[in-house]
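Data first, discussion second: the structure below is written as structure tokens.
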2 protein chains.
Amino acid sequence: MSRRATLPDVSQNTLEPGVRDLLGLLAYAQLLAFDRMAADARLAPDLHRRAVLCEMAAVEIGNYRQIADRLGELGLDPAGTMAPFVEALVEYHEATEPTDWLEALTKAYIGDGIADDFYREVAASVGPVDRDLVLRVLHANAYDDFARDEIRAAVAADPKAASRLSMWARRLVGEALSQAVRVAEEHADLVVLLGDGGAELFDRLKQAHGDRMAAVGLNN
Amino acid sequence: MSRRATLPDVSQNTLEPGVRDLLGLLAYAQLLAFDRMAADARLAPDLHRRAVLCEMAAVEIGNYRQIADRLGELGLDPAGTMAPFVEALVEYHEATEPTDWLEALTKAYIGDGIADDFYREVAASVGPVDRDLVLRVLHANAYDDFARDEIRAAVAADPKAASRLSMWARRLVGEALSQAVRVAEEHADLVVLLGDGGAELFDRLKQAHGDRMAAVGLNN
């Protein structure tokens, strides 16, 4: 299986500060994203679209498995490593429960998009094995195109959808930021990974988010 | 990707009677099994077990994709092919919603086990391309061992669990049979695939079910 062949080199087992936190956070984020996307798929207007969101969810659980395997190699218990992040992530999802199909897709596209950018930034400062793992599991895949196309078409067809989804996206970002601040406060090692370029990081995240919004016709 | 490489040979596209029904039924069964297992995973007592049930669910959606691809090759619309089976399968799942982790696992092990045996029997009389596809997607995988080990351990530790889960398994089989009868009544082409060995088929299903029950210490 090709997934096995690309698993991290177990010889590089020195655990850098913050890596445990990054992997635990990301593992639980993927597990919960699976759970929420699988549930959100019920909002789909037809069986084809429903199946596509189920398949997006399945990618997340495959990612979870890769991170859990890496934690195992590092001698860490995945459940224990994820535990400190359960509350923040559950709260994010409970505050952003979609009520229809377009909200669900916007959450997958905008919410996961900004979270992934953040994980990518953090990963940039860890060793190559874990950096490659994190970059590999982040969702630059065909499903993003599906979400983007669906939202863009809905927004083009109905200006009211644009304003409603723009507000929804602002709420997603607000909730994500508020939980990110909380995680940062509780996990100093993660913040260390970000170095002292905090302001520039924030600018980059904002820029990429704005690009995503514009790509589907939403107002930032 | 290896999955691609083993996809059915598109040159064998002659559609036998009943094959459309078999593939539609199985596709929707997998899509719904994904949905229900993903939801049932919330009943898990810990994050490790939860992740395993999520991974079992992800296998189902991978199977769905293989069947949907085959329907596409045959020039059939997956959604339209599944539609006639939605009601029966939804009713089965609504009548058998697990209330705890052991009920969820027993449903995956006993309920899916008897359904898989049935699909295997039907598949035996279709052409090689679709027969191989059906056999490939049926869940003879490592996750069955997980469910079996969990149920066996719970039953060994607590005789009350044995009697409660035995009753639950009887309910699962009763609901499955009642929906199977309904599907058979509504889809004569599927019944044709079974030939005239109905009584022997029923005996084989009963025997295999009894073996599964005995393997985990439940009373048939």
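Readers should treat all values here as calculations from the given coordinates under stated rules, not as data from a laboratory. The structure presented is a predicted model; accordingly, all values stated were derived computationally and were not measured. Every residue, glycine among them, receives a Cβ derived from its backbone with ideal geometry; neighbour counts consider all protein chains shown.
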Among the residues that make up region B:52-66, is at least one of them touching a residue at least 60 places away in the same chain (Cβ under 8 Å) and away from chain A (no Cβ under 14 Å)? no
Is it the case that residue B:27 is more than 14 Å from chain A (Cβ to nearest Cβ), surrounded by 18 or more Cβ atoms within 10 Å (Cβ to Cβ) and of a type in the set (Gly, Ala, Ser)? no
Residue B:75 versus (1) under 25 Å from residue B:187 (Cβ atoms); (2) assigned to a helix (DSSP H, G or I): which is the lone unmet condition? (2)
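Given the criteria in contact (Cβ under 8 Å) with a residue 60 or more places away in the chain, more than 8 Å from every other protein chain (Cβ to nearest Cβ) and surrounded by fewer than 18 Cβ atoms within 10 Å (Cβ to Cβ), does residue B:84 qualify?
yes
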Could you pull out the residue among B:89, B:53, B:102 that is more than 17 Å from the chain's Cα centre (by Cα) and of a type outside the set (D, E, K, R)? B:102
Just for region A:164-219: of the residues that are assigned to a loop (DSSP other than H, G, I, E, B) and in contact with a Lys or Arg (Cβ under 8 Å, 6 or more places away or on another chain), which one is surrounded by the fewest Cβ atoms within 10 Å (Cβ to Cβ)? A:217
Of all the residues that make up region A:10-64, how many are basic (Lys, Arg) and under 23 Å from residue B:86 (Cβ atoms)? 3
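So which of A:95, A:79, A:108 is within 11 Å of another protein chain (Cβ to nearest Cβ) and either surrounded by fewer than 24 Cβ atoms within 10 Å (Cβ to Cβ) or not acidic (Asp, Glu) (or both)?
From the options A:95, A:79, A:108, the qualifying one is A:79.
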When you scan region B:38-50, how many residues do you find that are in a helix (DSSP H, G or I) and either of a type in the set (Lys, Arg) or facing chain A (nearest Cβ under 9 Å) (or both)? 8
